[in-house]
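*Asks:* Mind looking over this structure? Questions follow.
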Amino acid sequence: MEDNKTLKSKIYTVSELNLEIRKNLESSYSDIWLEGEVSNFYFHDKKHMYFDLKDENSKIRVVMFHSNNKNLLFNIKEGLHILINGYVSVYEKRGEYQIVALDARPVGKGSLILAFEQLKEKLEKKGYFDRIHKKNIPILPNKIGIATSVGGAVIRDIISVLERRFKNFHLIIRDVNVQGITSSDEICKAIDDLCQYGVDVIILARGGGSLEDLWAFNTEKLAEKIFDCPVPLISAVGHETDYTISDFVADKRAATPSVAGEVVILNKTEAVENLKEASKKIKNLVKSKMAILKKEFNFLTSRRIFIKPETILNKFNQAAGELCIKLIGNMKRLIRARGKILSDYRQLIDEKNIFKRIYIYRMAIKNMDIRIISDIKNYLTLKKSRLKLILENLQGKNPVAILQRGFAIIYKEKEDKNIKSIDEVKINQKVRIMLTDGILNAKIFKKIYKKLEIGFKNEN
Amino acid sequence: MKIEKMSFEESITKLEEIVKELEDENISLEESMKKFEMGIKLSSNCLKRLNEAEGKIEELTRSEDGKLVTRELDLEKENK
């Protein structure tokens, strides 16, 4: 054996080698795209994803860390065909190489799932699936509209269910392709036509199939058409496990087309049975009500008061009689009492001799009148005589009376003031002498001073 | 509302109400007779409605001038 030291090549430690390989791989495969099917998928703590990507012959480990997978719009699942972007690296601890995926995309069917989920999320946010928008499905539609393929088995299934439940149903079929590029538009058009024609309910029906097969029912256009449809609509697409966007937007989802036949119309036999049951029930209820009332009536009418009604009258009669007697007695007593008060007053009047007293007062008043009148007469006589005296006195002072006794009043020629002294006039001055019967115009021709005697005796 | 103008659903609901109301012992005789009469009317009206449908299968298509038309459809014959 050769000594280690004689070897020319470098001896690596395991770690060194793994590190070097890692560096080489990372630089050689720093940005690659890899397509394959997912297997052995393991989602550790819902954070880091570990899985294999494989093709027919080979597989490779993939890790996708949380920071890279958290923004994925779809879930990576077992069997899914995906395309990843990343770089090749080495897990040195085990010496295993793997791809660190930075991004992942679905391939083929996967992209439909992605689209489906994206649309579902979008419509859900817009409130298209909200319960508040769901219309009630009528239980007895006159006309049932259905958009489906006339050639398929689905329509036969539905019809056989309908025949079992409600023989005389009226079905309006609008034939459409339920698969293929044009199918979605055809279904939209069918909804319009059925609404325009006038049906009470619409069924969209299709049998089971792959996601691609059912794709016509997953378009945004159809979702909007269903949402705006004024007629209640049932989505009956695929098998029980298949879900389409139309299922979510429709007013009702039927798990299968046959189920649609059951929910779209009531079971006639059952309905007839229920109605008969109901009318029987109300008849019985009223009957028993009548019976109870009749019993009550009989019970009441069997009572004495109804058999011998006069007994109750007798009772009242008696009471009335008693009341009358009482009333008369009371009245009598009352009258007696009032009569007594009256006679008392009468006696009182007699006792006080009212009428005699009134006479006396009246006489007294008469006497008083006579006295007052004579007093007033005396007073007036007195006053009259005094007045006469005054008047006579006044008579003496009247200038006219004086003039009548022969006296005269002398005025200056042009003055109304009488002359009381001879000094007031001059010789030759003209004066007026007033007597009772007129005036004399005179002229003074001489003045003689002579004083009249004091104590000249007045005639009066 | 007139019974004839009520929808099938409304009639059924009303009928159920009447049954419940009649089950109430306190209902007056007069009232119960009224309810009874209405209930019987509703029930026979519903039965009539159940037999009203025409019982046919038609296909809706557009004619060449774009008008909506229907024709009777016999699926057995169609398939042959």
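*Asks:* Identify all residues within region A:151-162 that are facing chain B (nearest Cβ under 8 Å), farther than 13 Å from residue B:56 by Cα and modelled with pLDDT of 90 or more; write none if there are none. Write out each step before concluding.
*Replies:* Residues of region A:151-162 facing chain B (nearest Cβ under 8 Å): A:151, A:155-156, A:159.
Filter again for farther than 13 Å from residue B:56 by Cα, leaving A:151, A:155-156.
Listed by number, the residues that qualify are A:155, A:156.
*Asks:* Could I ask something else about it? Does residue A:240 meet the test of being surrounded by 13 or more Cβ atoms within 10 Å (Cβ to Cβ), under 30 Å from residue A:191 (Cβ atoms) and touching a helix residue (DSSP H, G or I) at 6+ places or on another chain (Cβ under 9 Å)? I'd like the intermediate steps shown before the answer.
*Replies:* On the way: surrounded by 13 or more Cβ atoms within 10 Å (Cβ to Cβ): no; under 30 Å from residue A:191 (Cβ atoms): yes; touching a helix residue (DSSP H, G or I) at 6+ places or on another chain (Cβ under 9 Å): yes.
Taking the combined requirement at face value, the residue does not satisfy it.
*Asks:* Here is a follow-up. Among the residues of region A:163-180, write down those that are at negative phi, surrounded by fewer than 23 Cβ atoms within 10 Å (Cβ to Cβ) and more than 7 Å from chain B (Cβ to nearest Cβ).
*Replies:* Scanning region A:163-180 gives A:163, A:164, A:165, A:177, A:179.
*Asks:* Check off (1) more than 54 Å from the chain's Cα centre (by Cα); (2) free of Cβ contacts under 8 Å to residues at least 12 places away in the same chain for residue A:78 and give me the number that stays unchecked.
*Replies:* Just one mismatch for residue A:78, condition (2).
*Asks:* Further question on the same structure: For residue A:142, state whether it is modelled with pLDDT under 95, more than 41 Å from the chain's Cα centre (by Cα) and of a type in the set (S, T, N, Q). Can you show your working first?
*Replies:* Values: modelled with pLDDT under 95: yes; more than 41 Å from the chain's Cα centre (by Cα): no; of a type in the set (S, T, N, Q): yes.
So residue A:142 does not fit the description; no.
*Asks:* Given A:99, A:82, A:137, which one is outside any helix (DSSP H, G or I), in contact with a strand residue (DSSP E or B) (Cβ under 8 Å, 6 or more places away or on another chain) and modelled with pLDDT of 95 or more? Step through it out loud before you land on a result.
*Replies:* Details: A:82 fails: modelled with pLDDT of 95 or more; A:137 fails: modelled with pLDDT of 95 or more.
None of the other options fit; the residue is A:99.
*Asks:* Is it the case, given these coordinates, that residue A:265 is crowded, with 20+ Cβ neighbours inside 10 Å, within 14 Å of another protein chain (Cβ to nearest Cβ), under 20 Å from residue A:138 (Cβ atoms) and β-branched (Val, Ile, Thr)?
*Replies:* Working: crowded, with 20+ Cβ neighbours inside 10 Å: yes; within 14 Å of another protein chain (Cβ to nearest Cβ): yes; under 20 Å from residue A:138 (Cβ atoms): yes; β-branched (Val, Ile, Thr): yes.
Yes; evaluated as a whole, the condition is true for this residue.
*Asks:* Ok, one more. Take the residues in region B:12-32 that are farther than 13 Å from residue A:283 by Cα and touching a residue at least 24 places away in the same chain (Cβ under 8 Å), then tell me which one is farthest from the chain's Cα centre (by Cα).
*Replies:* B:14
*Asks:* Regarding region A:246-253, can at least one residue be identified that is over 30 Å from residue A:80 (Cα atoms), free of Cβ contacts under 8 Å to residues at least 12 places away in the same chain and either more than 12 Å from chain B (Cβ to nearest Cβ) or not in a loop (DSSP other than H, G, I, E, B) (or both)?
*Replies:* Among the residues of region A:246-253, not one is over 30 Å from residue A:80 (Cα atoms), free of Cβ contacts under 8 Å to residues at least 12 places away in the same chain and either more than 12 Å from chain B (Cβ to nearest Cβ) or not in a loop (DSSP other than H, G, I, E, B) (or both), which makes the answer no.
*Asks:* Sticking with this one: Can we say residue B:23 is facing another protein chain (nearest Cβ under 7 Å), in contact with a Lys or Arg (Cβ under 9 Å, 6 or more places away or on another chain) and surrounded by fewer than 15 Cβ atoms within 10 Å (Cβ to Cβ)?
*Replies:* Criteria met by residue B:23.
*Asks:* Within the bounds of region A:232-245, is there any residue that is assigned to a helix (DSSP H, G or I), on the phi < 0 side of the Ramachandran plot, among the β-branched types (Val, Ile, Thr) and touching a residue at least 40 places away in the same chain (Cβ under 8 Å)?
*Replies:* Yes, region A:232-245 has at least one match.
*Asks:* Also: Got a sec? Which of B:41, B:35, B:48 is in a helix (DSSP H, G or I), more than 7 Å from every other protein chain (Cβ to nearest Cβ), surrounded by fewer than 11 Cβ atoms within 10 Å (Cβ to Cβ) and within 24 Å of the chain's Cα centre (by Cα)?
*Replies:* On the way: B:41 fails: surrounded by fewer than 11 Cβ atoms within 10 Å (Cβ to Cβ); B:35 fails: surrounded by fewer than 11 Cβ atoms within 10 Å (Cβ to Cβ).
Being in a helix (DSSP H, G or I), more than 7 Å from every other protein chain (Cβ to nearest Cβ), surrounded by fewer than 11 Cβ atoms within 10 Å (Cβ to Cβ) and within 24 Å of the chain's Cα centre (by Cα) holds for just one of B:41, B:35, B:48, which is B:48.
*Asks:* Kindly indicate whether any position in region A:273-281 is touching a Cys at 6+ places or on another chain (Cβ under 6 Å), not in a loop (DSSP other than H, G, I, E, B) and not hydroxyl-bearing (Ser, Thr, Tyr).
*Replies:* Of all residues in region A:273-281, those touching a Cys at 6+ places or on another chain (Cβ under 6 Å) come to A:275.
In the following step, the residues that additionally are not in a loop (DSSP other than H, G, I, E, B) were identified as A:275.
Applying the additional criterion that residues be not hydroxyl-bearing (Ser, Thr, Tyr) yields A:275.
The answer is yes; a qualifying residue exists.
*Asks:* Of the residues that make up region A:106-125, is at least one without any contact (Cβ under 8 Å) to a residue 60 or more places away in the chain, closer than 30 Å to residue B:50 by Cα and either part of a helix (DSSP H, G or I) or not basic (Lys, Arg) (or both)?
*Replies:* No, every residue in region A:106-125 fails to be without any contact (Cβ under 8 Å) to a residue 60 or more places away in the chain, closer than 30 Å to residue B:50 by Cα and either part of a helix (DSSP H, G or I) or not basic (Lys, Arg) (or both).
*Asks:* While we're on this one: Restricting region B:52-79 to residues that are facing chain A (nearest Cβ under 7 Å) and more than 16 Å from residue A:147 (Cα to Cα), which is farthest from the chain's Cα centre (by Cα)?
*Replies:* If we take residues in region B:52-79 being facing chain A (nearest Cβ under 7 Å) and more than 16 Å from residue A:147 (Cα to Cα), then B:78 is farthest from the chain's Cα centre (by Cα).
*Asks:* Scan region B:4-17 and give yes if some residue there is within 30 Å of residue A:187 (Cβ to Cβ), crowded, with 17+ Cβ neighbours inside 10 Å, facing another protein chain (nearest Cβ under 7 Å) and at pLDDT 90 or above, otherwise no. Quick ask: steps written out before the conclusion?
*Replies:* First, pick out the residues of region B:4-17 that are within 30 Å of residue A:187 (Cβ to Cβ): B:7-9.
Remaining after also requiring crowded, with 17+ Cβ neighbours inside 10 Å: B:8.
After this cut, where a residue has to be facing another protein chain (nearest Cβ under 7 Å) as well, the list is B:8.
Narrowing the set further to residues that are at pLDDT 90 or above leaves none.
So far as region B:4-17 goes, no, none of its residues is within 30 Å of residue A:187 (Cβ to Cβ), crowded, with 17+ Cβ neighbours inside 10 Å, facing another protein chain (nearest Cβ under 7 Å) and at pLDDT 90 or above.
*Asks:* Which numbered condition trips up residue A:280, out of (1) free of Cβ contacts under 8 Å to residues at least 60 places away in the same chain; (2) under 19 Å from residue B:48 (Cα atoms); (3) surrounded by 15 or more Cβ atoms within 10 Å (Cβ to Cβ)?
*Replies:* Unmet condition: (3).
The values are calculated or read from the model by the stated rules, or taken from the named source; none is laboratory data. This one's a predicted model, so the numbers in the text were calculated from it and none came from an experiment. So basically every Cβ, Gly included, is an ideal-geometry build from the backbone, and we count neighbours across all protein chains shown.
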